[in-house]
Amino acid sequence: MYVLGIETSCDETGVAIYHSEQGLCNHLLYSQVDMHSEYGGVVPELASRDHIRKLVPLIKQSLQEIQLTCNDINGIAYTAGPGLMGALLVGATTARSLAWSWQIPAVAVHHMEGHLLAPMLEENPPSFPFVALLISGGHTLLVQVEGIGRYQLLGESLDDAAGEAFDKTAKMLGLGYPGGPKLSELAEHGTPQIKFPRPMTDRPGLDFSFSGLKTFTMNTINASEKTDQDKADVAAAFQNAVAETLSIKCKRALKQTGLKRLVVAGGVSANKQIRASLTEMATKENAQIHFPRPEFCTDNGAMIAYAGCQRLLAGEQQGLEIYARPRWPISELSAN
Ligand code: KG4
Ligand code: ZN
């Protein structure tokens, strides 16, 4: 079964074709970063308009590259939420209309389920059950995963998501958008001179809070002479604090659930130090750890095609309605 995957929830237009037995056939990504960087962040209306321009040409290119035609496609998976409403609607209307005209099923995919399942595209995929840490621009979630659609929320951020904290801190340091990768680059030139707080690690529970860390960073920058070295040191201290906080909470989640397998996904999981720190913790805990390859940590069509394929194989599909949900708790998903 060939599944076309479409991702348009934010600022990347992603398209992929996944085959249920052969695996990923190809994937294409168009990033809107250059367009939004002028404004210092994502402008939702511009994002929607750009998805309209890029999506259909990307789908055509994707089919051509692997010499398929629309007649070969057996289902379409699209990100239905969470995300920006206008951007989601572009993917949803395109997917639903193509599925109708090609007379094949369409399935609405939850963006965070896509991230959660992204490590399944790797050579050594995790088996169920596992603990998943999902760290993206909009969400920070710890989830106990028993199988596809069987998700129990263990903890989440009470304020900023991890990626959001990276982006806002990067802005304070005068770095452009998208802040996460830029801050991480700068941190490589710094050493953490001041120990930043590890928020909510001194009390029980698996929730996160990153907004206090942001304020602490702001105060530290203001108290410094703001030299390039000061900024690099702040970036390193901030990154260290996030990495250690995530490790402490994941270790706690493994203990609480008794599980020995951890999956880490979402844009922030591309961060080298966070990967290293979580890997070190998992090794000490005798737990397996799985990440997607860096290009599948951030938004992409491949994870949506994969997640949609599993749901289609399980018999799920949407009716003819155009389904888009900007807010959609992952705990509302169910197995088929
Ligand atoms: O998963 P994603 O691509 O989109 C959402 O679903 O939100 O995540 C984007 C987030 C952004 O906040 C971005 O700054 C962050 O992931 N990010 C990183 C890195 N690469 C992307 N944060 C830290 N280090 C990175 N290398
Ligand atoms: Zn994402």
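Side notes on the structure shown:
- Within region 159-187, the set of residues being touching a helix residue (DSSP H, G or I) at 6+ places or on another chain (Cβ under 8 Å) and either more than 23 Å from ASN219 (Cβ to Cβ) or within 16 Å of ligand 2 (Cβ to nearest atom) (or both) comprises ASP160, ALA162, GLY163, ALA165, PHE166, ASP167, TYR177, PRO178, GLY179, GLY180, PRO181.
- For region 125-150, the set of residues classified as closer than 21 Å to VAL268 by Cα, away from ligand 2 (no atom under 16 Å from the Cβ) and either modelled with pLDDT under 95 or not in a loop (DSSP other than H, G, I, E, B) (or both) consists of PHE130, VAL131, LEU142, GLN144, VAL145, listed by residue number.
- Single condition ALA324 does not satisfy, out of (1) buried (at least 23 other Cβ atoms within 10 Å of the Cβ); (2) more than 16 Å from ligand 2 (Cβ to nearest atom); (3) not in a helix (DSSP H, G or I): (2)
- Neighbours by Cβ (under 6 Å, 6+ apart or cross-chain): first from region 251-276, over 18 Å from GLU122 (Cβ atoms) and within 16 Å of ligand 1 (Cβ to nearest atom); second part of a strand (DSSP E or B) and not aliphatic (A, V, I, L, M): none
- Scanning region 135-155 for residues that are more than 26 Å from MET85 (Cα to Cα) and surrounded by 20 or more Cβ atoms within 10 Å (Cβ to Cβ) yields VAL145, LEU154.
- Residue within region 50-67 that is part of a strand (DSSP E or B) and farther than 13 Å from ILE304 by Cβ present: no
- Among the residues here, GLU156 qualifies as outside the structural domain of GLU21 (by TED's automatic domain parsing), within 16 Å of ligand 2 (Cβ to nearest atom) and farther than 19 Å from ASP299 by Cβ.
- Taken over region 187-227, the criterion of being touching a residue at least 60 places away in the same chain (Cβ under 8 Å) and touching a Phe, Trp or Tyr at 6+ places or on another chain (Cβ under 8 Å) is satisfied by ALA187 alone.
- Within region 97-120, considering residues that are without any contact (Cβ under 8 Å) to a residue 24 or more places away in the chain and part of a helix (DSSP H, G or I), the one surrounded by the most Cβ atoms within 10 Å (Cβ to Cβ): SER97
Results for (1) within 16 Å of ligand 2 (Cβ to nearest atom); (2) over 30 Å from TYR177 (Cα atoms); (3) not in a helix (DSSP H, G or I), shown as yes or no for each residue.
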{"position": "LYS249", "(1), (2), (3)": "no, no, no"}
{"position": "GLN256", "(1), (2), (3)": "no, yes, no"}
{"position": "VAL268", "(1), (2), (3)": "yes, no, no"}
{"position": "LEU278", "(1), (2), (3)": "no, no, no"}
{"position": "ASN286", "(1), (2), (3)": "no, yes, yes"}
{"position": "GLU295", "(1), (2), (3)": "yes, no, no"}
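- Among (1) away from ligand 1 (no atom under 16 Å from the Cβ); (2) crowded, with 16+ Cβ neighbours inside 10 Å, the one test that THR69 misses: (2)
- Qualifying residues in region 184-213 (those that are more than 24 Å from LYS251 (Cβ to Cβ) and assigned to a helix (DSSP H, G or I)) - the one nearest to the chain's Cα centre (by Cα): GLU185
- Among the residues of region 27-47, the one identified as surrounded by 18 or more Cβ atoms within 10 Å (Cβ to Cβ) and of a type in the set (Gly, Ala, Ser) is ALA47.
The values are calculated or read from the model by the stated rules, or taken from the named source; none is laboratory data. Here the structure is a predicted model, which is why all the values come from computation and not from measurement. Neighbour counts run over all protein chains shown; Cβ positions are idealised from the backbone, glycine included.
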